[in-house]
Amino acid sequence: MSIIKDFLVLAITAMLVENFVLVKFMGICPFLGVSKKIETATGMGIAVTFVMVAASALTWLVNEYIIANAPYLQTIAFILVIAALVQFIEMFVRKAVPSLYSALGIYLPLITTNCAVLGVTMINVQRDYSFGMSLWYSFAAALGFMLAIVLFAGVRERLETSKIPKYLKGFPIALISAGLLSIAFLGFQGLSF
Amino acid sequence: MIEILVPALSVGGIALVLGALLAFASVVFKVDVDEREEKIAEILPGANCGGCGYAGCSAFASAIVNEGAEITKCNLMTDEKLSAIASIMGVEAGKKIKKVARVACNGTCSVAKEKYEYYGLDDCATAAQLGGGAKACAYGCLGLGSCAVKCPFGAISIVDGIATVDENKCVGCSACANICPKGLITVAEVKPTAFVNCASKDKGAVVNNVCEAGCIGCKICEKKCEFDAIHVTDNLAKVDSDKCTGCGLCAEACPKKIIEIL
């Protein structure tokens with residue numbers, strides 16, 4: 001029972017309490033860049049989920065078996081692994097599942113430089129998560145990212161049709177709403193298990 | 001020494017392995033793309049306007065190669081580009097017909113009445129939901145410029161309350177025709193022909209009430225025409241562009257002066 005509880009707590013922590021975008025401020029670039037429509041935001045969210053889980057699996061193995069004696073190499077090794085992994089996944093998906101490839105489209109290569117992916121792998125290592133835990137944590141964190149970006153896309157779609165003072169139109173109002181959303185998510189800090 | 005060797009070897013080793021893996025994967029997972037497809041996609045304008053009926057320029061390129069789509073469907077194509085593509089495909093280049101969009105409404109601010117004052121989004125579809133828009137005529141151009149926004153080539157502007165097409169900029173992609181909630185915009189070949197600048201199917205008396213420049217369905221044009229090319233159906237004159245020679249007899253006779261010779 002306690003394992004199930006641990007996993008549930010971890011998921012809620014990763015999704016809400018430590019939401020990557022709105023609380024930890026990682027992955028802001030895609031959060032602002034592709035959040036104009038719910039559709040594209042969902043696409044980005046799915047692509048991030050895909051890459052985050054795969055990247056944590058691979059980096060966990062790299063950290064455990066290759067650079068266990070040299071932890072200062074984590075950052076550079078992880079960047080290397082993630083970049084190569086995204087390239088590999090892109091090639092593989094293009095060949096094996098063309099429909100998924102066209103759905104993910106441009107988002108897949110964009111994630112190569114997404115700091116949220118690097119962030120989740122570093123956190124996994126820093127907190128000494130087991131293999132299963134790190135997979136689960138990164139999956140939940142990616143869901144949290146998707147939640148944030150889809151919520152924000154919904155807000156921005158509404159903004160398109162509302163009356164906004166001229167000097168706030170476009171990015172200013174988007175940044176302000178992102179800030180408000182972030183403050184709202186701070187409310188989850190009070191959760192205790 | 002060991003302090004340098006460990007990071008160099010481990011990171012270098014990872015990089016080598018991953019590099020080899022990627023090189024291997026690029027061979028194994030190679031997706032065969034027809035060379036001609038890429039070449040044609042390069043020649044195509046890349047505007048992705050959708051005027052050809054395909055999702056975009058690359059989709060059109062693949063349709064040309066795989067499904068034998070007509071090259072001339074692209075409205076932006078110049079003659080040189082056309083023959084370049086034709087030589088890639090090894091076929092004769094067809095003749096391209098220039099098409100432009102036309103807006104069938106003459107109801108400028110001064111001649112067409114309004115039934116209420118509209119305050120809201122500058123979007124025709126939204127305005128059209130409020131009792132068909134502010135214009136008293138149920139068929140007229142709302143002049144909020146959704147077509148002008150949609151036009152990828154900046155060819156449409158709102159002049160005196162109605163959409164006006166710049167024929168030099170227009171490529172006939174139909175983007176505007178698809179978005180107009182009143183269905184006022186038609187895309188047709190450029191040739192000398194008469195064009196009825198009204199879309200109202202109301203009876204003459206109703207038309208006169210709401211707009212000074214509307215077709216009242218009086219059938220004078222029908223009688224004047226020597227080529228049987230213009231007919232009034234549903235209180236609205238319609239030109240048969242196959243028969244019309246653009247002689248201008250109907251335009252002269254029209255009491256409302258709403259027929260234009262193009």
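Scanning the stretch B:221-242 for residues that are in a loop (DSSP other than H, G, I, E, B) and modelled with pLDDT of 85 or more turns up B:CYS225, B:GLU226, B:PHE227, B:ASP228, B:ALA229, B:ASP234, B:ASN235, B:ASP240. Counting the residues of the stretch B:146-166 that are within 23 Å of B:TYR54 (Cα to Cα), assigned to a loop (DSSP other than H, G, I, E, B) and open to solvent by 30 Å² or more (accessible area, probe 1.4 Å) gives 3.
When we screen A:SER182, A:SER177 for residues that are farther than 16 Å from A:ALA41 by Cβ, among the polar types (S, T, N, Q) and assigned to a helix (DSSP H, G or I), the only hit is A:SER182.
Restricting attention to the stretch B:4-16 and to residues that are open to solvent by 40 Å² or more (accessible area, probe 1.4 Å) and more than 9 Å from every other protein chain (Cβ to nearest Cβ), the residue that is modelled with the highest pLDDT turns out to be B:LEU16. One residue stands out in the stretch A:58-82 among those that are among the small types (Gly, Ala, Ser) and surrounded by fewer than 18 Cβ atoms within 10 Å (Cβ to Cβ): the one that is farthest from the other protein chains (Cβ to nearest Cβ), namely A:ALA68. Restricting attention to the stretch A:83-95, the residues that are within 7 Å of another protein chain (Cβ to nearest Cβ) and farther than 16 Å from B:LEU16 by Cβ total 4.
Please specify each residue of the stretch B:243-262 satisfying the condition of being among the β-branched types (Val, Ile, Thr) and part of a loop (DSSP other than H, G, I, E, B).
Going residue by residue through the stretch B:243-262, those that are among the β-branched types (Val, Ile, Thr) are B:245, B:258-259, B:261.
Those that are among the β-branched types (Val, Ile, Thr) and part of a loop (DSSP other than H, G, I, E, B): B:THR245, B:ILE258.
If you check B:ALA63, B:ALA59, B:ALA84, B:ALA55 for being more than 30 Å from A:PHE92 (Cβ to Cβ) and either in contact with a strand residue (DSSP E or B) (Cβ under 7 Å, 6 or more places away or on another chain) or small (Gly, Ala, Ser) (or both), only one passes: B:ALA84. Among the residues making up the stretch A:1-55, a single one is of a type in the set (S, T, N, Q), assigned to a loop (DSSP other than H, G, I, E, B) and at pLDDT 85 or above: A:ASN19.
In the stretch B:23-40, the qualifying residues are those that are aliphatic (A, V, I, L, M) and crowded, with 17+ Cβ neighbours inside 10 Å, and the one that is farthest from the other protein chains (Cβ to nearest Cβ) is B:ILE40.
Annotation: of all residues in the stretch A:106-130 being among the aliphatic types (A, V, I, L, M) and open to solvent by less than 30 Å² (accessible area, probe 1.4 Å), the one that is nearest to A:ILE89 (Cα to Cα) is A:LEU108. Could you check, for the stretch A:41-55, whether at least one of its residues is closer than 20 Å to A:ASP128 by Cβ and within 14 Å of chain B (Cβ to nearest Cβ)? Yes, the stretch A:41-55 has at least one match. Within the stretch B:109-145, the set of residues being without any contact (Cβ under 8 Å) to a residue 40 or more places away in the chain, surrounded by fewer than 15 Cβ atoms within 10 Å (Cβ to Cβ) and of a type in the set (A, V, I, L, M, F, W, C) comprises B:LEU130 only.
The values are calculated or read from the model by the stated rules, or taken from the named source; none is laboratory data. Remember, predicted model here, so these are calculated numbers, not experimental data. All Cβ positions, glycine included, derive from the backbone under ideal geometry; neighbour counts span all protein chains shown. The accessibility values were calculated without ligands, DNA or RNA, using every heavy atom of the protein model including side chains. Shrake-Rupley method; radii C 1.70, N 1.55, O 1.52, S 1.80 Å.
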